[in-house]
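First up is the structure itself, then whatever we jot down about it.
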Amino acid sequence: MSNDYPVHVEAESPPRFDRIQLLVRIALALVLAWVGITAGWLVLLLYLALPVIAAIAISVRGGDRFGTEVAPRIWRVLGWLLRLSAYMALLVDRFPTDAAAGVQVQLRPTGT
């Protein structure tokens, strides 16, 4: 992978998938669909909310403090969402409860 990009995602698929994990994925998808939460709604929410959160945090704390205090928390949530997407897309076989769930996400905040 090139170091020029601020986001690096690497998924390691297991040699054999667990059947129980497939049932967990189906159950999770059914529950989320029953509640009405789909990937499209999540993407729309992120698309609308992230710039608002960044604008409010920058105006209140300033650009330097935003990069050191707020941005790492936002990146942590986005990294978890990337791991969840890899789990639901059958790329990995472990639910993303921790950072070592088979998906390595390197996020490097850039800009001022």
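Within the bounds of the range 56-70, is there any residue that is under 23 Å from Gln104 (Cβ atoms) and buried (at least 16 other Cβ atoms within 10 Å of the Cβ)? The answer is yes; a qualifying residue exists. Screening the candidates Leu81, Leu91 for the property of being in contact with an Asp or Glu (Cβ under 9 Å, 6 or more places away or on another chain), within 27 Å of Val24 (Cβ to Cβ) and not acidic (Asp, Glu) yields one hit, Leu91. Close contacts from the range 24-39, counting a first residue that is of a type outside the set (A, V, I, L, M) and a second that is in a helix (DSSP H, G or I) and surrounded by 10 or more Cβ atoms within 10 Å (Cβ to Cβ), with Cβ to Cβ under 8 Å and a gap of 6+ residues or different chains, come to Arg25/Tyr87; Arg25/Met88; Thr38/Leu32.
Of the residues contained in the range 19-38, one or more are found to be among the β-branched types (Val, Ile, Thr), surrounded by 11 or more Cβ atoms within 10 Å (Cβ to Cβ) and at pLDDT 85 or above.
Checked against the criterion of being touching a Pro at 6+ places or on another chain (Cβ under 9 Å), open to solvent by 30 Å² or more (accessible area, probe 1.4 Å) and under 18 Å from Asp18 (Cα atoms), the candidates Leu84, Leu90 yield just one match: Leu84.
Of the residues screened, Leu82 is not one that is more than 25 Å from Glu10 (Cβ to Cβ) and within 16 Å of the chain's Cα centre (by Cα).
The values are calculated or read from the model by the stated rules, or taken from the named source; none is laboratory data. All of these numbers come straight from a predicted model, not from anything done at the bench. Don't worry about glycine lacking a Cβ; one is built from the backbone with ideal geometry, like all the others, and counts go over all protein chains shown. Ligands, DNA and RNA are stripped out before the accessible areas are found, and what is left, the full protein with its side chains, is counted by its heavy atoms. Shrake-Rupley method; radii C 1.70, N 1.55, O 1.52, S 1.80 Å.
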